[in-house]
Amino acid sequence: MTDSPRWDRIWVNIHAATMVDDAVGGPYGAIGDAAVAVQGDRIAWLGALCDLPDLPARLAAEVIDGRGAWMTPGLIDCHTHLVYGGSRALEFEARLN
């Protein structure tokens with residue numbers, strides 16, 4: 001290994017849902033047998049495990065076995081929960097009865 005990147009950590013033995021239409025694999029940009037490498041707080045590499053430039057242990061300080069789980073790298077789940085704006089006294093009374 002001479003010019004291989006060095007990452008903080010890499011997840012292997014995962015399936016990645018990239019949400020990229022042209023990703024190899026199928027719906028949701030699915031990549032089976034994938035790897036995701038992180039450097040600092042950024043995704044540094046994402047793809048099929050077989051496309052890694054070297055062995056995971058040579059590329060990253062920490063190798064994490066995803067045990068076949070699905071990963072959605074870069075997904076930001078932005079949603080909100082509305083706060084009930086009215087009085088809940090009647091609801092509370094009904095529960096007590």
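Return the residue satisfying two criteria in turn: it lies in the range 1-35 and is open to solvent by 30 Å² or more (accessible area, probe 1.4 Å) and within 12 Å of the chain's Cα centre (by Cα), and of such residues it is modelled with the highest pLDDT.
Step by step, filter the range 1-35, then rank; the result is Trp11.
Looking only at the range 25-50, how many residues end up being farther than 12 Å from Val12 by Cβ and outside any strand (DSSP E or B)?
The qualifying residues number 7.
Of all residues in the range 51-63 being assigned to a strand (DSSP E or B) and out of contact with any helix residue (DSSP H, G or I) (no Cβ under 7 Å at 6 or more places or on another chain), which is farthest from Asn13 (Cα to Cα)? Spell out the reasoning first.
Pass one, the range 51-63, residues assigned to a strand (DSSP E or B): 60-63.
Keeping just the survivors that are out of contact with any helix residue (DSSP H, G or I) (no Cβ under 7 Å at 6 or more places or on another chain) gives 60-62.
Numbers: Ala60: 15, Ala61: 17, Glu62: 14 Å.
Top of the filtered list is Ala61.
Restricting to the range 64-82, count the residues that are open to solvent by 70 Å² or more (accessible area, probe 1.4 Å) and either within 15 Å of Val36 (Cβ to Cβ) or part of a helix (DSSP H, G or I) (or both).
Of the range 64-82, the ones open to solvent by 70 Å² or more (accessible area, probe 1.4 Å) are 65, 67, 70, 75-82.
Checking the rest, the ones that are also either within 15 Å of Val36 (Cβ to Cβ) or part of a helix (DSSP H, G or I) (or both) come to 65, 67, 70, 75.
Counting residues in the range 64-82 that are open to solvent by 70 Å² or more (accessible area, probe 1.4 Å) and either within 15 Å of Val36 (Cβ to Cβ) or part of a helix (DSSP H, G or I) (or both) gives 4.
The values are calculated or read from the model by the stated rules, or taken from the named source; none is laboratory data. These numbers were taken from a predicted model, which means no experiment stands behind them. Don't worry about glycine lacking a Cβ; one is built from the backbone with ideal geometry, like all the others, and counts go over all protein chains shown. These accessible areas exclude ligands, DNA and RNA; they are computed on the full protein's heavy atoms, side chains included. Shrake-Rupley method; radii C 1.70, N 1.55, O 1.52, S 1.80 Å.
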